[in-house]
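The values are calculated or read from the model by the stated rules, or taken from the named source; none is laboratory data. Here the structure is a predicted model, which means the values were calculated and not measured. When we count neighbours, we look across all protein chains shown, and the Cβ atoms used for this are built from the backbone with ideal geometry, even at glycine. SASA here: full protein model, heavy atoms, side chains in, ligands and nucleic acids out. Shrake-Rupley method; radii C 1.70, N 1.55, O 1.52, S 1.80 Å.
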Amino acid sequence: MNGEVKCSKSECDKFTAINELAKRRGFFWSSFEIYGGSGGFVTYGPLGTRLKQNVEAKLRELFVKQIGIYEMESSVIAPGKVFEASGHVDHFKEPMVECQNCHSRFRADHLLEEKGISSAEAEKMTLQEIGQEIERHGAVCPDCGGKFGETQRYLTMFETTIGPYSGSVGYGRPEAAQNIFVEFNRLYTAARERLPFGVIQIGHALRNEISPRQGLIRLREFTISDLEFFFDPEEPSCKLLSEVENEVLPILLCETRLKECEDTTDLTVREALDRKIICSEWQAFFMAMAKKLLVSLGVPANKQRVIEKLTWEKAHYSSQSFDQEVLVDRWGWVEVSGHAYRTDYDLTCHMKASGVDMSVYKEYVNPVEKEELVVKPIMAKLGPVYKGEAAKVAALLDKVPAQEVSDAMQKDGFIIVDRYTVKADQVDVGKQKTIVHGTRFVPHVVEPSFGSDRLFYVALEYAYGIKEDRVVLSFPRSIAPIQIGIYPLMSKDGLDDKARVVQRMLAKEGFMVEFDETGSIGRRYARSDEAGVQLGITVDYDSFKDETVTIRDRDSWQQVRTPIKDLPELMHYYFQGKLNFKDLGRLIES
Ligand SMILES: [Zn+2]
């Protein structure tokens, strides 16, 4: 984060401007500054914490409230076995090079990206090939210009020990999904043993990034929102699809990417499914919901796109993956969510490693009649031949698949089990009908996964604007960190007391309000615009006469005059999106 850089507003890029504003106004800054800082850790200040909560509230509104996704919260540290079983210990690695001079370490694929080799290409390469490319392009240490040593794979999970025994390895979770998988049985019970159902976990995750240098875009400790949606692969249809089927997704298709072209193809959700570009209806549904989420955070649809991941780019657990990207000023297209079809990979891995059954039972609507081949030994004939061993021979025969016995009898007229020969006339081979009432299977999973810090950053960047040489953060009204600023015209003559009454009234109604009495009213408005305060209520001398106040809109700077007693109701309707600003009172002509 480059917060120290001073720049005039029009000259520097938004990333620099936002980081400077964020630090100054208390949205966020690099942690541990008094000790010189530590890359990849961020502290959210008062405004930032509010904004982040509001961004996460949007996630909850769209997924938990509207779709009925369950929420859970579990631990950040997990025993090593969890991430051994999930495949992370083997796969969660990045290529790294170390400067032989200053010993700084860098992501090898990021160095190659600067040399024009895309991350998609780098991901295909072996360590040796990456090393050769670094050599060929003459990539040197960005810090000191030194030469790099050999390329290595580096495990980007934080490793620790659980308790005082060094043998008891634990890892900081690099994602929140595994908690959901390992608790599947209890969650399934809580969901009343019905599919489909989904569980979201919004919480901190840790990735020991090699050299994070992109502010909020790449952090070592961050907030992830992983939603795991479980369904029966034999009943994959999404009952909510009609709500989103006409939503357009601009997809950068694999076939286009392989031509080194960046053109997206606009497809409706329905078309993408019909053309089998997206295989799972639920995955398509969540991709459409992700687009809606970003729009609700203030990112227009035309600044979003979807990337279809190439085979070698997909995570080890995924059979089909898409990334949702948002265009940002400094970094270009940045991933804000990933959409993976994880199939039954994770549950199966944990079943194998733990020995615990996590399959679910499905009762057939109509029981199925099945005809089975059955082999029955005829004891009256086996007995005289094998005497005391006859029962043992029958038991051995029972272990051989019926089809195998039947084939042998037809072909040879006998079968040898262990060292006993059983002849065709000593068994009855026949068909038997049975009624099957249900079956067990491992649910399939589609996962939308959001990076909360990135959602926060793009919301901030898209809110950022300049009006008459002043910064205005025009957040959508539902995520403004402070909803209402309360301003006495002067802090004297009882104006401040009256303003405090209005403040208390609105605070008790549940609004996020802020009282500000310092400086001229113009300066206070400017300060509040820069913090993204949605509305400003000013108490002036007329307020004593007619019990009215002025309400000011952050974005249009228009003002209306409104009775104090009407404020609670009007504010509720306004922040629910049911009233526009001009409905709040009598417009004051400026
Ligand atoms: Zn160096």
query = Quick one: what pairs do we get from the range 421-447, first residue farther than 18 Å from Y361 by Cα, second surrounded by fewer than 21 Cβ atoms within 10 Å (Cβ to Cβ) and of a type in the set (S, T, Y), C-beta under 8 Å, 6+ apart or different chains?
reply = V429/S406
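Given the options P377, P384, name the one that is open to solvent by less than 70 Å² (accessible area, probe 1.4 Å) and out of contact with any Phe, Trp or Tyr (no Cβ under 9 Å at 6 or more places or on another chain).
That would be P377, the only listed residue that is open to solvent by less than 70 Å² (accessible area, probe 1.4 Å) and out of contact with any Phe, Trp or Tyr (no Cβ under 9 Å at 6 or more places or on another chain).
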query = Would it be correct to say that I130 is within 16 Å of the ligand (Cβ to nearest atom), modelled with pLDDT of 90 or more, surrounded by 14 or more Cβ atoms within 10 Å (Cβ to Cβ) and assigned to a helix (DSSP H, G or I)?
reply = no
query = Restricting attention to the range 62-105, which residues are more than 16 Å from the ligand (Cβ to nearest atom), out of contact with any Lys or Arg (no Cβ under 8 Å at 6 or more places or on another chain) and part of a strand (DSSP E or B)?
reply = Y70, P79
note = Flagged in the range 275-334 as assigned to a strand (DSSP E or B) and free of Cβ contacts under 8 Å to residues at least 12 places away in the same chain, in numbering order, are G332
inquiry  = I'd like the full set of residues that are out of contact with any Ser or Thr (no Cβ under 7 Å at 6 or more places or on another chain), outside any helix (DSSP H, G or I) and exposed (fewer than 14 other Cβ atoms within 10 Å of the Cβ), limited to the range 258-274.
reply    = L258, K259, E260, C261, E262, D266
ask   = Which of the residues that make up the range 485-513 are without any contact (Cβ under 8 Å) to a residue 60 or more places away in the chain and outside any helix (DSSP H, G or I)?
value = G485, I486, Y487, P488, L489, M490, S491, K492, D493, G494, G510, V513
task = Filter the range 299-312 down to residues that are surrounded by 18 or more Cβ atoms within 10 Å (Cβ to Cβ) and either of a type in the set (S, T, Y) or out of contact with any Leu (no Cβ under 7 Å at 6 or more places or on another chain) (or both), then give me how many there are.
result = 2
Residue in the range 115-127 that is farthest from the ligand (Cβ to nearest atom), counting only those that are open to solvent by 80 Å² or more (accessible area, probe 1.4 Å) and either at pLDDT 90 or above or in contact with a helix residue (DSSP H, G or I) (Cβ under 6 Å, 6 or more places away or on another chain) (or both) = K124
inquiry  = Name the residue that is nearest to F83 (Cα to Cα), counting only residues in the range 154-169 that are outside any strand (DSSP E or B) and open to solvent by less than 60 Å² (accessible area, probe 1.4 Å).
reply    = M157
remark   = Residue set K387, K392, K399, K467; condition out of contact with any strand residue (DSSP E or B) (no Cβ under 6 Å at 6 or more places or on another chain), charged (D, E, K, R) and within 30 Å of T43 (Cα to Cα); output residue K467
ask   = Based on what the data block shows, is R454 open to solvent by 40 Å² or more (accessible area, probe 1.4 Å) and in a strand (DSSP E or B)?
value = no
inquiry  = Take the conditions within 16 Å of the ligand (Cβ to nearest atom) and either hydroxyl-bearing (S, T, Y) or modelled with pLDDT under 95 (or both) and apply them to G138. Does it pass?
reply    = yes
request  = Looking at (1) in a helix (DSSP H, G or I); (2) modelled with pLDDT under 95, find the lone condition where C12 falls short.
outcome  = (1)
message = Suppose we keep only residues that are out of contact with any strand residue (DSSP E or B) (no Cβ under 6 Å at 6 or more places or on another chain) and in a strand (DSSP E or B) within the range 349-368. Which one would you say is surrounded by the most Cβ atoms within 10 Å (Cβ to Cβ)?
response = V360
key: Residue check, T151 within 16 Å of the ligand (Cβ to nearest atom), of a type in the set (V, I, T) and crowded, with 21+ Cβ neighbours inside 10 Å   = yes
ask   = In this structure, is I482 touching a residue at least 24 places away in the same chain (Cβ under 8 Å), hydrophobic (A, V, I, L, M, F, W, C) and assigned to a strand (DSSP E or B)?
value = no
query = Restricting to strands (runs of 3 or more DSSP E) lying wholly in the range 170-257: which have 2 or more residues that are more than 30 Å from I117 (Cβ to Cβ) and open to solvent by less than 50 Å² (accessible area, probe 1.4 Å)?
reply = 197-206, 221-231
message = Taking the criterion of being touching a strand residue (DSSP E or B) at 6+ places or on another chain (Cβ under 6 Å), open to solvent by 20 Å² or more (accessible area, probe 1.4 Å) and aromatic (F, W, Y), would at least one residue in the range 408-429 satisfy it?
response = yes
inquiry  = Quick test of your reading of the structure: G145 fulfils all but one of (1) more than 16 Å from the ligand (Cβ to nearest atom); (2) open to solvent by less than 50 Å² (accessible area, probe 1.4 Å). Name the failing condition by number.
reply    = (1)
ask   = Residues in the range 102-113: is at least one in contact with a helix residue (DSSP H, G or I) (Cβ under 7 Å, 6 or more places away or on another chain), under 20 Å from Y317 (Cα atoms) and either hydrophobic (A, V, I, L, M, F, W, C) or open to solvent by 60 Å² or more (accessible area, probe 1.4 Å) (or both)?
value = no
